[in-house]
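Here's the structure we're looking at; comments come further down.
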Amino acid sequence: MGFCSSYSEVQKFESSAVVARNQDTADPLDQSHFLQFVADNVDHNIDTINGNKTFHGMGIISCTTLGIMKSPKEIPRVQLTTDELISAGHINVFHYNSDQLGNSFTSLRFQKVQELDILIKVLWPLKSPVPGWSGLMQMVCTGNNPGLSNVTFLPMIDVNPSYMSCVYSTLKFVSKEASYHNRTPVINFDQPLYLKALMITCGEECKNVVVRLSGFNTEMSFL
C-alpha cells in the first residue's frame, strides 16, 4: 500500500513553499555568473464552462549560468490567508502612458539582413553532410560548454501581456531584480512583446534594460 496526499495538502505545501521562497533571500551573484530573464504570456483554465476564472497574464523566469548548487531545504508548514498568499507573489503594476514614448522609436532603423539571408542559402548546401535544424546549435557554438543553468520561476503579472502597462511593469520588475545582483537587466521576449519592450526602452523609461529577441524567434525570422 502506498501513501497519497490529498489535494488540500498539496495546495498547503505549494502556498507554504511560496512564502518560504520569499523569506529565503539569496546572496548577490558574483562575476562568474550571467543572469538574464525571459518573459512570455501564460494561460491557465483557458476553457471553462462559464468563461470565468481564466488567467491570461505575463510569466517571468530568471536564468543563471553557471548554475548554482542549492542544497535541499525544509518547507515550514504554515497557515495562510488568501491576502497573505497574494501579497507574497505580488508584482506592482505601473501604468504606461503612450506620451512617454517620445520620438526615439520612430527614428529607429533596423539593418537590412538581405545579404546574410543570401549567404545562408548559398552556404547551406555546401556543408557536408547537410545538417538539419536540430544541428544548428552544434554548428554555431564553439568552445567549452558553460554548464547547466538554474531556472527560477518568478511571480506572474495578472494583466493582459499585450498591454503596454504589463510590458512596462515587467521591465521595471526585472530591473529591480537585476540591480540586487549588481547586473545589467537583460530580458528576452518573443517578437510581439519584444517590439513593445523596444518601444518603451527607446523612450526615457527603462533605458538601462537590454531587450533581446529570443533565440528561437530570431532563428524563425530566417525560415
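Computed from the coordinates by the stated procedures, all read-outs in this text should not be read as laboratory data. Keep in mind that this is a model prediction, so the values were computed, not measured.
Assorted remarks:
- Too-long pairs where the Cα-Cα distance tops 24 Å, listed order kept, from K53/K176; K53/K207; K176/K207: K53/K176; K53/K207
- Here the 3J(HN,Hα) profile of segment 75-91, calculated from phi with Karplus coefficients 6.51, -1.76 and 1.60 at θ = phi - 60°, is 9, x, 7, 10, 9, 10, 8, 4, 5, 5, 5, 5, 5, 5, x, 9, 10 Hz, Gly and Pro shown as x.
- Residue-span extension gain [S32 to H95] - 0.36 nm each, minus C-alpha spacing: 19.1 nm
- Straightening the chain between T184 and F13 buys 58.1 nm, computed as 0.36 nm per residue apart minus the Cα-Cα spacing.
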